[in-house]
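Colleague: Can you read through this structure? Questions will come right after.
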Amino acid sequence: MKSPEQRFLEKVSIPVDLSECWEWTASKKKGYGQFKWNGKMVLAHRYSYLMFNGKLIDGLVIMHRCDNPSCVNPNHLDQGTQKDNMQACVSKGRHNEANKTHCPHGHEYTEKNTRNSLTSGRQCLTCARAYDRRRRKNNKK
């Protein structure tokens, strides 16, 4: 019977240049490799991190430095909070909202016309002011 490590490595395409991505070749969900370990499906990159780098810390996610969800190269993986992961996503220009240049009503997101909030994200100040004016007008009635 094969060990989990042997089964795992059979599902990985490791390139000659070990610094490149190691592609997961088996089952994937939304681009992320899946691996059955101890009777449960786990994310392949999490298992790779555990196998090569050591303990997984509760509450932390495994982040891909290479931005390739099917990569399991342990040298491309880091532990961090989900907030760290999302900040990396935004800083690399991969976050859907971060790539938007205009609000849903067509106003450009500029430094003067944008408010950033931790709870509600990015807001267009032109739209926010219009909303406040309508609310004040309706409250006077």
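Each value in this text was obtained by applying a stated rule to the coordinates, not by laboratory testing. Quick caveat: nothing in here was measured; it's all calculated off a predicted structure. Every residue, glycine as well, gets a Cβ built from its backbone with ideal geometry; the counts of neighbours run over all protein chains shown.
Colleague: Let me have the relative contact order for the chain, percent, based on Cα pairs under 8 Å that are six or more residues apart.
Modeller: For the chain, the relative contact order is 14 percent.
Colleague: With the contact rule set at Cα under 8 Å and sequence spacing of 6 or more, what percent relative contact order holds for segment 1-82?
Modeller: Value for segment 1-82: 28 percent.
Colleague: Just the C-alpha atoms of segment 30-69: what Rg/Rh do they give, with Rh taken as the Kirkwood radius?
Modeller: That ratio equals 0.95.
Colleague: Under 15 Å from the 7 Å Cα→Cβ point of residue 82, by amide nitrogen: which residues of segment 41-61?
Modeller: Those under the cut-off are 58-61.
Colleague: Using only Cα atoms, find the angle between the long axis of helix 44-53 and the longest principal axis of the chain, and express it within 0 to 90 degrees, rounded to the nearest 10.
Modeller: 60 degrees
Colleague: Then there is this: Give the value in nm², to one decimal: projected area of the alpha carbon convex hull of the chain, averaged over all directions.
Modeller: Over all viewing directions, the chain projects a mean Cα-hull area of 12.9 nm².
Colleague: How would you rank 52, 8, going from fewest to most other Cβ atoms within 10 Å of each one's own Cβ?
Modeller: 52, 8
Colleague: Another question, if that's okay. Within 10 Å of each residue's Cβ, count the other Cβ atoms and sort 140, 11, 55 from fewest upward.
Modeller: 140, 55, 11
Colleague: Using Cα atoms only, what is the angle between the long axis of helix 82-91 and the major principal axis of the chain, expressed in degrees (0 to 90) to the nearest 10?
Modeller: Tilt relative to the chain: about 70 degrees.
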